[in-house]
Amino acid sequence: MKKNIRNRLLAVTAAAAASFLLLSGFDSALTVQEVNDNMTAAMAEMGGLSADIKGAADVSVDVSAGGETQSLAATGSVDMKVQFTADPLVMAVTGSMEGDASSLGMMSGSLEMETYLVGQEDGSGIAYVRMPMGEDTGWHAAAISAEDMAMVNDSVQASFSGDPMAAAEKLGMDLSSIQEQLLANATLAPEAVNVNGVDCYEISQTVDGQTFFDIMTEVMKAMPQNAGIDTSSLSVLQMVLGGIKMDTVTDCAVEDFAPVYASVDLSGSDFSMIGQMFGAMMPTSDEGAEAPQISVNVNALNMTMNFEEVPDQIEIPADALAAEIETTVSLDDAAQAAEAIE
């Protein structure tokens, strides 16, 4: 509503629009790439992140067999606060998740969680986790190897370096190519947009399934444990992602290009291929009978991020710090265990 009213007022006269642009500092000559580069540089100066993340899912699955159709629903929501500082490295994820997929024979309910990852002086780390379930309402702690913490730290530093080439070298992937793909069809709003009380540059874009697949493939290949991705797995992934349509909006402040808001919406996606795959895998009651037809209808599937000022330090609950370290977590061991299961 505020956006529409503002745009109408700006359109009254060219003089009024010019006055507003001069006062706000909005530069209409900037390109999407330039705004994105300035925002990346601003994030590098921030040295961390603080954002409220909310997500919603509303999906219905129609199963047709024997001339009858049964409609099954699944809903869910996420409400999280994500914070981290790069130096010293501290990450925090707190919030709740809710879901109801009982009609699909899956568990339903809510889950609260608090997780912290803290770097230590010797290069290792400690993860503190609290997810109240039944009688288990306390904190649990696990040590993280120095090698794994180095990987996490490199990823964080690369993300906030503001230098795509340096980030690419550390992460082992061509970030400039990924950025080019993401910005290929992005558009910049011709006027400043007021978001959360801040005048912003607004970038909008739609990413299709093929582009999303190309990006995910590059990311997966950059991970050591996934170096040997087989062609068949990629083919299945490509089919699943084929119908995806991801609409995104990114807003950064006109004054200093700091991120203000971001959203991702997949509600317009076509997930019919997923339905066909599940239908083909479902057993039939009679030999020779046709497999049930399954259609997946995505009524809502979206996520928003509202950015806040990065805290000077992230406070960790005293009860968490007092928890006894129960085990040592290794990302490499976890990856090998997953491969053994397969």
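Just to be sure I understand, how many residues within the range 207-229 are over 24 Å from T187 (Cα atoms), among the polar types (S, T, N, Q) and modelled with pLDDT of 60 or more? Please lay out each step first, then the result.
So the first thing to find is which residues in the range 207-229 are over 24 Å from T187 (Cα atoms), and the list is 217-229.
This time we only want the ones that are among the polar types (S, T, N, Q), so: 217, 225-226.
Remaining after also requiring modelled with pLDDT of 60 or more: 217.
Number satisfying all stated conditions: 1.
Have a look at L171, L241 and point out the one that is modelled with pLDDT under 80 and more than 30 Å from S295 (Cβ to Cβ). Walk me through it before giving the result.
Working: L241 fails: more than 30 Å from S295 (Cβ to Cβ).
Step by step, each of L171, L241 is checked, and only L171 is modelled with pLDDT under 80 and more than 30 Å from S295 (Cβ to Cβ).
Can you give me the ranges of the strands (runs of 3 or more DSSP E) entirely in the range 18-116 with at least 2 residues that are touching a helix residue (DSSP H, G or I) at 6+ places or on another chain (Cβ under 9 Å)? Can you show your working first?
Working: elements: 48-65, 68-85, 90-100.
Where strands (runs of 3 or more DSSP E) fall fully within the range 18-116 and carry at least 2 residues being touching a helix residue (DSSP H, G or I) at 6+ places or on another chain (Cβ under 9 Å), they are 48-65, 68-85.
Which one is modelled with the lowest pLDDT among residues in the range 128-166 that are within 18 Å of F84 (Cβ to Cβ) and in a loop (DSSP other than H, G, I, E, B)?
G162
What single numbered condition from (1) surrounded by 15 or more Cβ atoms within 10 Å (Cβ to Cβ); (2) in contact with an Asp or Glu (Cβ under 9 Å, 6 or more places away or on another chain); (3) modelled with pLDDT of 80 or more fails to hold for N299?
So the condition that N299 fails would be (1).
How many of the residues in the range 6-47 are buried (at least 16 other Cβ atoms within 10 Å of the Cβ), of a type in the set (G, A, S) and at pLDDT below 50?
Residues in the range 6-47 being buried (at least 16 other Cβ atoms within 10 Å of the Cβ), of a type in the set (G, A, S) and at pLDDT below 50: 1 in total.
The values are calculated or read from the model by the stated rules, or taken from the named source; none is laboratory data. Since we're looking at a predicted model, the values are computed, not measured. Methodologically, a virtual Cβ is constructed for each residue, glycine included, from the backbone with ideal geometry; neighbour enumeration extends over all protein chains shown.
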